[in-house]
Amino acid sequence: MKTNKILLAAFCFQLLVVGVKAQNTSGFTFPALPYSYDALEPYIDKATMEIHYDRHFRAYYNNFVKAVEPNSLNGKSLEEIFANVSKYPAVIRNSGGGYYNHDLFWQVMATKGGGMPSENLLNAIKQSFGTYETFVAEFEKAANTQFGSGWAWLSVDETGKLFISQLPNQDNPLMDIAAKRGKPILALDVWEHAYYLKYQNKRAEYVTNFWKVINWSKVEEKYLDAKKGLK
Ligand code: MN3
């Protein structure tokens, strides 16, 4: 009996070591959720967050990490990989996209989020879209009219201007397959798994409520980083 327990403990330890090794050789880590599962209630419910983060996101990460070494992507950044994504197998585009997109999505939301962007970002929004209201309407349109699964994006283009786009599946504006490329600073997941438990078929309601959980200071940070990258 005792021997069995020791063997079991040794086996578990080995599994742990193998798990840690698999994670470390890829160089890509599984980021912690920056808040609790219920932090975005009542707009995004706890059950959705739990399944979305711990099952969907984790699966994208695991599948991507498994594909890193066989495709000789060790040491490359996600940006480098996405810039040539059309040359790699579909798993890189789908799982790598799912990994990056969700990581950004978690970051740009927060408890007690919402409100208005800071002056700096607000000015950039006005320069690109005319008014804040036009920006909101255009972003919501991109999110609501994305047919089937996909994402709505706010990104910085190569001139430093902001633009909105919609892309299917786990594609993103960093990818060479995107019609217009740029550096994403805000992302909204419109896959049904992101809202169906709470909103069922009412995607528009989920999209409207997204404004109430946006972490504008994080979006601004991403905006400044993207602008710095241009110089
Ligand atoms: Mn998702």
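Annotation: of all residues in the stretch 122-136 being touching a residue at least 12 places away in the same chain (Cβ under 8 Å) and more than 20 Å from the chain's Cα centre (by Cα), the one that is most open to solvent (accessible area, probe 1.4 Å) is Gln127. Got at least one residue in the stretch 149-158 being open to solvent by 40 Å² or more (accessible area, probe 1.4 Å) and more than 21 Å from Thr48 (Cα to Cα)? Looking through the stretch 149-158, at least one residue is open to solvent by 40 Å² or more (accessible area, probe 1.4 Å) and more than 21 Å from Thr48 (Cα to Cα).
Among the candidates Ala59, Ala124, single out the residue that is away from the ligand (no atom under 16 Å from the Cβ) and either touching a Ser or Thr at 6+ places or on another chain (Cβ under 7 Å) or modelled with pLDDT of 95 or more (or both). After applying the criteria, what remains is Ala124. The residues in the stretch 67-76 that are outside any loop (DSSP other than H, G, I, E, B) and more than 19 Å from Asn101 (Cβ to Cβ) can be counted, and the count is 0. Only one residue in His193, His102 is touching a Phe, Trp or Tyr at 6+ places or on another chain (Cβ under 8 Å) and either within 27 Å of Pro34 (Cα to Cα) or within 16 Å of the ligand (Cβ to nearest atom) (or both). Which one? So the residue among His193, His102 that is touching a Phe, Trp or Tyr at 6+ places or on another chain (Cβ under 8 Å) and either within 27 Å of Pro34 (Cα to Cα) or within 16 Å of the ligand (Cβ to nearest atom) (or both) is His102.
The set of residues in the stretch 179-190 that are open to solvent by less than 10 Å² (accessible area, probe 1.4 Å) and either near the ligand (Cβ under 9 Å from one of its atoms) or not small (Gly, Ala, Ser) (or both) comprises Pro184, Ile185, Leu186, Leu188, Asp189, Val190. Among all positions in the stretch 195-203, there is at least one residue which is surrounded by 17 or more Cβ atoms within 10 Å (Cβ to Cβ) and without any contact (Cβ under 8 Å) to a residue 60 or more places away in the chain. Based on what the data block shows, is Asp54 within 16 Å of the ligand (Cβ to nearest atom), assigned to a helix (DSSP H, G or I) and either of a type in the set (Phe, Trp, Tyr) or within 12 Å of the chain's Cα centre (by Cα) (or both)? So Asp54 does not fit the description; no.
When every residue of the stretch 215-226 is checked against the conditions, none turns out to be assigned to a helix (DSSP H, G or I), more than 20 Å from the chain's Cα centre (by Cα) and more than 16 Å from the ligand (Cβ to nearest atom).
Within the stretch 74-99, the set of residues being touching a residue at least 24 places away in the same chain (Cβ under 8 Å), away from the ligand (no atom under 16 Å from the Cβ) and of a type in the set (Ser, Thr, Tyr) comprises Ser86 only. For the stretch 91-106, filtered to residues that are open to solvent by 10 Å² or more (accessible area, probe 1.4 Å) and within 8 Å of the chain's Cα centre (by Cα), the residue that is farthest from Met175 (Cα to Cα) is Asp103.
The values are calculated or read from the model by the stated rules, or taken from the named source; none is laboratory data. Bear in mind the structure is a predicted one, so any value in this text is a computation, not a measurement. Note that we place each Cβ from the backbone using ideal geometry, even for glycine, and neighbour counts take in every protein chain shown. Note: accessible area is taken over every heavy atom of the protein model, side chains too, but ligands, DNA and RNA are not part of it. Shrake-Rupley method; radii C 1.70, N 1.55, O 1.52, S 1.80 Å.
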